[in-house]
Amino acid sequence: MDTESHADLTAGIDLTLGSDPRFGSAEAIEVRNLARYRLGLGVLARHHPHAADRLERLCKADDAELRPVMYDPVLRNAFENDLTALERQAGENGTLVGYLEGGAADVLDGLGPCERLSHPRVRPWPGHAVSWVWTDLEPGSEPERVLAARLEELMAGTLSKNGSGGRVRPDAGMLAGLSRGAELLAELLPNAGAGVLPHISLTGLVRDELADGVLNSFSGGDPLPSAVLLAPERLTDPWMAAETLFHEGLHLKLFDVLRTGSMAADPDQLIPIPWRLRSWTLSRVLFAMHVYAHLLLFRAAAVGAGPDLRARYGEPPATDFVDQATPGSQAAGSGEYTTTVERVTYLAGQASQAYGGMLTAGGRRFVDWLIGAVAPLAPGILPEPLPVQARPRTEVELEVRGYRQAQPVQVCPIPEQRELVAVTPGAPSFQWLNEQAWLIYALCDGRDLSSLRDRYHQAAGPGTDDRLGLGVAELLAARLIVPVGS
Amino acid sequence: MPTQTVELPQFPLAGNTAPSVTTDAVHERAWVPEFSSPRVQ
């Protein structure tokens, strides 16, 4: 393939991976997360009426003011824990309120609460996204000391228990390496690469020795949200820095996607990994597949990097090698599964074929989208298509008296994405309705079934009774509607 | 207790999409992915 065709190919895949509104676009994913966050603040206000004013003020803040608060690692961890406790109707659910009452979000000036404590303040990629580096924390007041201590605690909770790990205070060289890596990533992949940076709120440096080896980097789900921690050694070469930021930023992107729709229906399903000793959960397979697929693109783009990029950042890696299989693993003896393409092909096969039935519909779409996008870079990655399994029909006998929305109604429409997010009354959980479900939900206003059917047909067209029945069944299962009279 | 009104979608609906209601699941986010390299033997 000539140079121009190769560049066109990687540019096309970069655009596909970076712009998909459900799985790729940082802006679209953030819109959904902000909608969820605002609804969640409303849920907390109902359970903590004494703090309702503070929560409502935050809810009404514009996106630029709200975003640093939502993405603050301590406050986001508290928010998720509180909502989980409410959904499970067990456990402490006032932690976020506690931080807010301590003044954590009294000033809405674009600085998150923990970033406000950092000294010196460093934003490593100001041209691309709002993010900050963990230099040092200098709390002044008692509430600030509580915040700082909690951030230290959350980080410590992710390090190995043998005590060998610890944070590293970044020097000027490390900070320069971090920024340079981000600049290279954004130049190399202006959509998929630059598009991970908005998901990273906090970057810190750590060293740690794990049971399996030396820590390179890690990123946080709810235990340490929106945060990436790297070994300083990953910043010495700009290509390695760029790849590491891409790797961890992709994890954070997928966490943000997962907040707006589950992918794995069976959380405990284990899948053997030939290059490792222990099996992985299906969730972990999806996370790894997501990164490896994107690394195929990264490496293809790197190979095609022009003389200007090479002059400024040095020669890119010329190999697809990841690392050796863990000693004692199935692949250790054979020498297989050391490259990105081998690993992503294996993981794609597991996710789409062997365990595809354990994914949600959203999970199957995710796998198909991701693997389809990078297929030109990995011959053989596309598994043999499986017979399409008819979705099990949830038969429901529609109630002649009709349906009404369960109270209280708490919703946030996102018309630009053709979705509406709602909170289930009672034990709150977030429900994401596509446009068809949204329509049916809105039509369930207490009028009888005949009226519901007529109005639905007017909007959706004739011959759509099956869809109406399916929608009603889904909304009943989500406890968003109830039969009239109940 | 205040409650909201669910407005109808104010855009033309796409053709044959089935209604879908999905939720998120904490178990998918309750972990921290680590990237480590096996020690060189």
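Using alpha carbons only, how many degrees (0 to 90, rounded to 10) separate the axis of helix A:340-349 from the longest principal axis of chain A?
Result, in degrees: 20.
In whole Å, how far is the Cα centre of the range A:306-364 from that of the range A:394-471?
Taking the Cα centre of the range A:394-471 as reference, the centre of the range A:306-364 is 42 Å away.
How high is the relative contact order of chain A, in percent, with contacts defined as C-alpha pairs under 8 Å that are six or more residues apart?
Values: 753 pairs, mean separation 64.3, N = 486.
It rounds to 13 percent for chain A.
Per residue, how much accessible area does the range A:262-389 show when a 1.4 Å probe rolls over the protein heavy atoms, in square angstrom?
On the way: 5670 Å² over 128 residues.
Ligands and nucleic acids excluded, the figure is 44 Å² per residue.
Return one number: the angle in degrees, 0 to 90 and rounded to the nearest 10, between the long axis of the Cα atoms of helix A:465-477 and the longest principal axis of the Cα atoms of chain A.
Helix A:465-477 sits roughly 70 degrees off the main axis of chain A.
With a point put 7 Å past each Cα toward its Cβ, work out how far residue A:396 is from residue B:27 in nm, to one decimal.
Output for this residue pair reads 2.4 nm.
For helix A:361-374, report the angle its Cα long axis makes with the longest principal axis of the Cα atoms of chain A; keep it between 0 and 90° and round to the nearest 10°.
Between the helix axis and the principal axis of chain A, the angle is about 30 degrees.
Restricting to chain A, what percent of DSSP beta bridges are antiparallel, rounded to 5?
Details: 25 of 31 bridges.
Roughly 80 percent of the beta bridges in chain A run antiparallel, per DSSP.
Using a 1.4 angstrom probe on the protein heavy atoms only, line up B:29, A:46 by accessible area, largest first. Each step should come with its number before you reach the end.
Working: B:29 0, A:46 90 Å².
Correct descending sequence by accessible area is A:46, B:29.
Considering only protein heavy atoms and a probe of 1.4 Å, how much of the accessible area of chain B is carbon and sulfur, as a whole percent? Walk me through the intermediate numbers first.
Working: 1390 of 2520 Å².
The computed percentage sits at 55.
How big is the B-A contact in terms of buried accessible area, both chains counted, 1.4 Å probe, rounded to the nearest 100 Å²? Can you show the working numbers first?
Values: alone 5180 and 21480 Å², together 21800 Å².
Heavy-atom accessible area buried at this interface is about 4900 Å².
Please work out the average accessible area per residue across the range A:403-483, using the 1.4 Å probe convention, and give it in Å². Write down the numbers at each step before the final one.
Details: 2760 Å² over 81 residues.
About 34 Å² of surface per residue is accessible.
Pull out the extension gain between residue A:339 and residue A:486, defined as 0.36 nm times the separation in residues minus the alpha carbon to alpha carbon distance; nm, one decimal. Write out the running numbers ahead of the final one.
Values: separation 147, 0.36 × 147 = 52.92 nm, distance 5.85 nm.
Contour length minus Cα-Cα distance gives 47.1 nm.
List the pair-distance distribution P(r) of the range A:1-151, using every Cα-Cα distance, as the percent of pairs falling in each 5 Å bin from 0 up to the bin containing the longest distance, rounded to whole percents.
Values per bin, smallest distances first: 2, 9, 15, 18, 17, 13, 10, 6, 4, 3, 2, 1, 0, 0.
Assuming a ≥ b ≥ c are the square roots of the Cα gyration tensor eigenvalues, decide whether the range A:262-389 counts as rounded (a/c under 1.5), prolate (otherwise, with a/b larger than b/c) or oblate. Display every interim value, and only then the final one.
Details: a/c = 2.29, a/b = 1.44, b/c = 1.58.
Oblate.
For A:9, A:359, A:15, write out the residues from largest to smallest accessible area, computed with a 1.4 angstrom probe and no ligands counted.
Largest to smallest exposure gives the sequence A:15, A:9, A:359.
Under the √(5λ) rule applied to the eigenvalues of the Cα gyration tensor, what semi-axes describe the equivalent ellipsoid of chain A? Give them in Å, descending.
Working: eigenvalues 299, 190, 84 Å².
So the equivalent ellipsoid measures 39, 31, 21 Å along its semi-axes.
What list of ³J(HN,Hα) values in whole Hz, one per residue of the range A:31-36 in order, does the Karplus curve 6.51 cos²θ - 1.76 cosθ + 1.60 (θ = phi - 60°) give from phi, with Gly and Pro shown as x?
Couplings: 4, 5, 5, 5, 4, 4 Hz.
Under 11 Å from the 7 Å Cα→Cβ point of residue A:141, by amide nitrogen: which residues of the range A:79-116?
What the label zone holds, given the 11 Å backbone N cut-off, is A:100-107.
Using amide H atoms built 1.01 Å from N in the peptide plane, name the residues 5+ places from residue B:34, or on other chains, whose amide H lies under 5 Å from its own.
none
What distance in nm lies between label points placed 7 Å from Cα along the C-beta direction at residue A:89 and residue A:375?
4.7 nm
The values are calculated or read from the model by the stated rules, or taken from the named source; none is laboratory data. Since this is a predicted model, take the numbers as computed values, not measurements. Quick reminder, even Gly has a Cβ in these numbers, built from the backbone with ideal geometry, and neighbours come from all protein chains shown. Calculation scope for accessible area: heavy atoms of the full protein, side chains included, ligands and nucleic acids excluded. Shrake-Rupley method; radii C 1.70, N 1.55, O 1.52, S 1.80 Å.
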